1. Which cross-chain or sequence-distant (5 or more) residues have an amide H under 5 Å from the amide H of A:V110, H modelled 1.01 Å from N in plane?
2. How much FRET efficiency would the formula 1/(1 + (r/R0)^6) give for A:R151 and B:V119, where r is the Cβ-Cβ distance and R0 is 35 Å, rounded to 0.05?
3. Going highest first, how would you order B:67-76, A:98-107 by mean Cβ packing within 10 Å?
4. Between B:R159 and B:K72, what is 0.36 nm times their sequence separation minus the Cα-Cα distance? Round to one decimal in nm.
5. Determine the shielding of peptide A:69-79 by partner chains: average, over its residues, the number of Cβ atoms on other chains within 10 angstrom of each Cβ.
6. For B:R100, place a label point 7 Å from Cα along the Cα-to-Cβ direction in every copy; what are the distances to the other copies, in nm, shortest first?
7. Using 0.36 nm per residue, how much length does the chain from A:L50 to A:V126 gain when fully extended, once their Cα-Cα distance is taken away?
8. Any idea what the relative contact order of the stretch A:62-165 is, in percent, if you count C-alpha pairs under 8 Å spaced at least 6 apart?
There are 2 protein chains.
Amino acid sequence: MTTTPSPPPASPPLPGAADDWLRLDRQICFSLNAASRAFNGVYRVVLKDLGLTYPQYLVMLVLWEHGALPVKKLGEHLRLDSGTLSPLLKRLEAAGLVRRERSARDERSVEVRPTDEGVALRQRAVEVPRRILAATGFEADEVRALSTHLRDLTAALDRAAAEGA
Amino acid sequence: MTTTPSPPPASPPLPGAADDWLRLDRQICFSLNAASRAFNGVYRVVLKDLGLTYPQYLVMLVLWEHGALPVKKLGEHLRLDSGTLSPLLKRLEAAGLVRRERSARDERSVEVRPTDEGVALRQRAVEVPRRILAATGFEADEVRALSTHLRDLTAALDRAAAEGA
DNA sequence: GGCCATTTGGTTGTGCACAATTAAGTTGTG
DNA sequence: CACAACTTAATTGTGCACAACCAAATGGCC
């Protein structure tokens, strides 16, 4: 972190450089992890009034933007699989914000549709982004730039994971 | 995604600006969320050989750097509370990587100490940072800069959450 | 001594992430 | 039609995050 750490020599008896690498690694993964959880915490506070959790809010954002969607499409938008979405959607249904119904055309598919109440909730959600942005203390442009960086990072990581390393 | 789905017509007279804000919000929180999970996925692959999960790896990094620590200190380093750490540490203890023992001086405190096996694991962890960095496709400096940005963001968010909004 | 606020971990309950498996429906091919 | 391959959700099991609550130990105070 002070000077450019030299590349780690495979695995010999732990030179000082290894410490630097591990320390750096701790910083990187930790800072991302911590930022994610910190965001989660602020959203938790802001969304409390709406009765939504952070992931539930993400789902509603997609539904507000695209209207009814099958679970599969929803998962593609959010990069979440059915193991995460199924119970989450059931809770949203129990809260009266969405309805889940099997498609008549393809009975494997389940359409998720916001109820009138779910659509109406959007009116109260409009102020959420402003409050979150205010909490970051960043300008909109800064956040947008950071967002772009993170998107690139995610794409690279997904690619690497797909290649098995 | 086949064609561009027309924006949900069932919505009340929201001004276009609100749509933009919600869409932007979706992008920001989504990109951070997705990056965090993508990182998690890559770490999952890389750490599989070591038998560690991502949060367990974070704990071991702190212990390798600082040696034995009480649970409280560990939680401060990682911003995690005992509700998260207790079961995690029990799993690490079951895996033989740490031992938990009540302090003699203050019996409220539990010291977490890496075992010989836990210390030895560090040798095999040395190559992890390089593999992760390679997966990002970023230069070390870029990642460092991003990390700094995220740390600022986290600090601002924590401050905002503490102030109740 | 007795009393009380504080500190420190632990426990419980709710919710999310994801891998692996299962079940049901659809499509293509003979 | 029969049947295999594929698609789509749901289910199950493990692990993490965090709020709320509880129990024990400490230390200061009278």
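1. A:V71, A:K72, A:S103
2. 0.35
3. By packing density, highest mean first, the sequence is B:67-76, A:98-107.
4. Here the answer is 29.2 nm.
5. So the per-residue partner count for this stretch is 2.
6. 3.5
7. Fully extending the segment from A:L50 to A:V126 adds 26.2 nm.
8. Here the relative contact order equals 22 percent.
FYI, it's all coordinate maths here, none of it is from the lab. Predicted, not measured: the structure shown is a model, and the values here were computed from it. Neighbour counts are summed over all protein chains in view; Cβ atoms, including those assigned to glycine, are modelled from backbone coordinates with ideal geometry.
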